[in-house]
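J.: Got a structure here, written out as structure tokens. Questions coming.
The values are calculated or read from the model by the stated rules, or taken from the named source; none is laboratory data. Here the structure is a predicted model, which means the values were calculated and not measured. Here Cβ is always computed from backbone atoms with ideal geometry, including for glycine, and neighbour counts include all displayed protein chains. Surface accessibility is based on the protein's heavy atoms, side chains included, excluding ligands, DNA and RNA. Shrake-Rupley method; radii C 1.70, N 1.55, O 1.52, S 1.80 Å.
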Amino acid sequence: MSIFELEDRTRIAVRGSGTEPKIKYYLFAQRRPKGRKFDSLELERIKSEVREKLDRLWDWVQEDAQSRLSGSQR
């Protein structure tokens, strides 16, 4: 397994499947409070922001993989 940490501390773990011919990706993001707890409204907003960030990252991973596949089949 290879784990990459981005500037914003988002992490991507990549590993080949041991039983199938595929690669598995795991995406991790977090947002920690500084010295206090998040209130419920703030928590919902943060969850939405993190979800959007991970969705954008996943879209990029898929686009990158597809472009590499297209390039290797020429």
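J.: Determine, yes or no, whether VAL61 is surrounded by 11 or more Cβ atoms within 10 Å (Cβ to Cβ) and either of a type in the set (Phe, Trp, Tyr) or in contact with a Phe, Trp or Tyr (Cβ under 8 Å, 6 or more places away or on another chain) (or both). Please lay out each step first, then the result.
T.: On the way: surrounded by 11 or more Cβ atoms within 10 Å (Cβ to Cβ): yes; either of a type in the set (Phe, Trp, Tyr) or in contact with a Phe, Trp or Tyr (Cβ under 8 Å, 6 or more places away or on another chain) (or both): yes.
Here the answer is yes, as VAL61 does meet what is asked.
J.: Please work out which residue is most open to solvent (accessible area, probe 1.4 Å), limiting yourself to region 5-21 and to residues that are closer than 21 Å to LEU69 by Cα and assigned to a strand (DSSP E or B).
T.: Only one residue tops the list, namely ARG15.
J.: Can you tell me how many residues in region 22-54 are more than 28 Å from GLN66 (Cα to Cα) and out of contact with any helix residue (DSSP H, G or I) (no Cβ under 7 Å at 6 or more places or on another chain)? So that I can check it myself, show each step before the final result.
T.: Filtering region 22-54 down to residues more than 28 Å from GLN66 (Cα to Cα) leaves 31-47.
Pick out the ones that are also out of contact with any helix residue (DSSP H, G or I) (no Cβ under 7 Å at 6 or more places or on another chain) and you get 32-37, 39-47.
Of the residues in that region, 15 qualify.
J.: Six or more apart or on different chains, Cβ under 6 Å: which pairs go from a residue in region 15-38 that's within 14 Å of VAL61 (Cα to Cα) to one that's assigned to a loop (DSSP other than H, G, I, E, B)? Could you list them?
T.: The qualifying pairs are ARG15/MET1; LYS24/SER17.
J.: For region 22-43, which positions are surrounded by 11 or more Cβ atoms within 10 Å (Cβ to Cβ) and part of a helix (DSSP H, G or I)?
T.: Across region 22-43, the qualifying residues are GLU42, LEU43.
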